[in-house]
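Below you'll find the structure, written out as structure tokens, and then a few comments.
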Amino acid sequence: MAALYRQLRKAFEDGKNEPGAADFYYGEMEMRRHDRGGTSRAERGLLHGYWLLSGYGLRASRALGWLAVAMLVTIMLLMGFGLPNDNSKQEATGTVPPGGGQVTFEIGKDDPHNPTGNRFTGERFENALNVTLNSVVFRSADQDLTTAGTYIEMTSRLAEPVLLGLAVLAIRNRVKR
């Protein structure tokens, strides 16, 4: 059945009927996702994920919805576990030689401490939002994070741009029609 949908989609694409071709593309992907004989379990799993996250690259609202959920989860995790208790301050220590001369300073910084007490405050929300928005576009927020926060940010920097890309793909396909 998927081959028939593929042939119909190709005919519509050749006839410059993009909306009709998109409908047949969706049907073709659905047939592949439900085919238990000709499609491997791994491929069906990938197709199921592609369908769930963005409707095969045709549903921008679905991809944007998942992006919003992922960002909200990231913010909550960062507020709860990722942002340190307080910003560690830099300390400069050194000695001044008697009679003047050159001063040498050693600048150190404490390691971030895991948060305690009230973790869900406005300031922590603002810091978590900043980290999350930067992670969507592959930027570092230059925010000190706990070890858990570092892993949360790394996961966010991988997953959220993918969801943003799926949304852009779906919007591009919609505008192209």
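The values are calculated or read from the model by the stated rules, or taken from the named source; none is laboratory data. Treat the numbers as computed from the prediction; the structure is a model and nothing was measured. Every residue, glycine as well, gets a Cβ built from its backbone with ideal geometry; the counts of neighbours run over all protein chains shown. All accessible areas refer to the heavy atoms of the entire protein, side chains included, with ligands and DNA or RNA removed. Shrake-Rupley method; radii C 1.70, N 1.55, O 1.52, S 1.80 Å.
Structural remarks
- Residues in the range 134-154 that are surrounded by 15 or more Cβ atoms within 10 Å (Cβ to Cβ) and free of Cβ contacts under 8 Å to residues at least 24 places away in the same chain: N134, A141.
- Pick from the range 162-177, criterion surrounded by fewer than 16 Cβ atoms within 10 Å (Cβ to Cβ) and at pLDDT 90 or above, ranking: nearest to the chain's Cα centre (by Cα): V162
- Filtered by the rule that a residue be of a type outside the set (V, I, T), open to solvent by less than 90 Å² (accessible area, probe 1.4 Å) and either under 30 Å from the mean Cα position of the chain (by Cα) or modelled with pLDDT under 70 (or both), the range 88-97 gives S88, A92, G94.
- Members of the range 98-133 found to be at pLDDT below 70, acidic (D, E) and surrounded by fewer than 11 Cβ atoms within 10 Å (Cβ to Cβ), listed by number: E106, D111
- When residues in the range 30-61 are screened for being buried (at least 19 other Cβ atoms within 10 Å of the Cβ), under 20 Å from V136 (Cβ atoms) and not hydrophobic (A, V, I, L, M, F, W, C), 3 of them pass.
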